[in-house]
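Take a look at the structure set out below.
The values are calculated or read from the model by the stated rules, or taken from the named source; none is laboratory data. Predicted, not measured: the structure shown is a model, and the values here were computed from it. Note: ideal-geometry Cβ built from the backbone for every residue, glycine included; neighbour counts use all protein chains shown. Only protein heavy atoms, including side chains, enter the accessible area calculation; ligands, DNA and RNA are left aside. Shrake-Rupley method; radii C 1.70, N 1.55, O 1.52, S 1.80 Å.
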Amino acid sequence: MIQFFASALAHDGLGWVVFGSLLAGLVRGFSGFGTAMIYLPFAAAVLSPVWALTALIVMELVAPLVLVPRALRDGHPPDILRLAGGSLIGVPIGVALLLVMSVDAFRYSVSSISLLLLVALVLGLRYKGALTRPMVYGTGGLGGLLAGSVGIPGPPVIMLYMASTLPAAAIRANNTVYLVLANLQILGVFAFRGLLDPVPVATGLIAAVPYAAGIGIGALFFDPRRETRYRRIAYAIIALSAVLGLPFLD
């Protein structure tokens, strides 16, 4: 395993990955979302699509695990299970799409989808009907599709829950646990297809350190009374990351 960490540390783009993970952690800590939309444009500029997603998944599984026990207490377990059930269908389809993308196509997809989802969040687009079980399953499936193809499972769930009567703490908790479960599903599909490489796993473990530090620092600044301000800061950072990740700007 030492040689895999050595290979990861020797990678020319590791600094870019570490910076993206730290920035993503800060935003995740004070806003509760945005990790993939901030991290992936940086990682995709220096890693292959599968490696970028593998490192993201490992990073996201290691660092936020400390948040899961509280999230399980604060969340709404029936909805979490429905979201995860939907993603079981969406993730394999998304991975199949990922494997036919070129590097540039992946980068354009990550940045474009991030920007589109960001516009939807900023405009307050949301589902306004009743949160039925099929709707929750379908949202989990769409999140899984986006997770497997471009590594961005969270925004569909966030937009769905904008119409929910659940308290903010429960929504935040549901999203946290769902992201962990979706990432485990992607790892399972990658392992089944023989796509797990030790080097990006080591890269993800390295990136988890600044990511966890960023979450801790960001959480210190979280204040429910200033949630709107934090959300605007998160939107600005996501937009900048997505634009910087476009290949034609290299």
Determine the gain in length on full extension of the stretch Ala213-Leu125; use 0.36 nm per residue of separation and subtract their C-alpha separation, reporting nm with one decimal.
-> 28.5 nm
Rg(Cα) / (2.2 N^0.38 Å) computed for region 195-235, rounded to two decimals | 1.66
Under a point spin-label approximation (7 Å from Cα along Cα-to-Cβ), what is the Ser112-Thr165 distance to one decimal in nm?
-> 4.0 nm
For the chain the mean separation of alpha carbon contacts under 8 Å (6+ apart) over residue count, i.e. relative contact order in percent, is 40 percent
Run the quick spin-label model on Leu240 and Phe4: label points 7 Å from Cα toward the beta carbon, then report their separation in nm to one decimal.
-> 3.4 nm
Which of the peptides 144-152, 172-180 is most tightly packed, and how do the rest follow, going by the mean number of other Cβ atoms within 10 Å of each residue?
-> 144-152, 172-180
Let me know the charge dipole size of the chain about its Cα centre in debye, to the nearest 20, where only the beta-carbon of Lys, Arg (+1) and Asp, Glu (-1) is charged.
-> 820 debye
Equivalent ellipsoid dimensions for the chain as semi-axes, Å, which come from the Cα gyration tensor, largest first = 26, 20, 18
Cα-based Kirkwood hydrodynamic radius, region 66-131, one decimal, Å | 15.1 Å
Report, to the nearest 10°, how far helix 168-192 tilts away from the longest principal axis of the Cα atoms in the chain, using its own Cα long axis and a range of 0 to 90°.
-> 40 degrees
What's the Kirkwood radius of region 129-250 in Å, using all Cα pairs?
-> 16.9 Å
Ignoring ligands, DNA and RNA, what percent of the accessible area of region 100-246 is carbon or sulfur (1.4 Å)?
-> 69 percent
Helix-only mean residue ellipticity at 222 nm for the chain, each DSSP H run of n ≥ 4 adding -39500 (n - 2.57), per residue, nearest 500 | -25500 deg cm²/dmol
Consider just the alpha-carbon atoms of region 38-174 and return their Rg together with their Dmax, both in angstrom.
-> 15.2, 43
Using a basic spin-label model with each label point 7 Å from the Cα along Cα→Cβ, how many nm lie between Leu81 and Arg229?
-> 4.1 nm
Once normalised by the length of region 1-89, the mean sequence separation of its alpha carbon contacts under 8 Å that are 6 or more apart gives a contact order in percent of 20 percent
Average Cα contact separation per residue, region 46-164, under 8 Å, 6 or more apart, as relative contact order % | 37 percent
Distance from region 158-189 to region 1-63 (C-alpha centre basis), Å | 20 Å
In nanometres, the difference between 0.36 nm per residue of separation and the alpha-carbon distance of Phe192 and Leu72 is 40.4 nm
Accessible area (Å², per residue) of the chain, counting only protein heavy atoms and a probe of 1.4 Å = 44 Å²
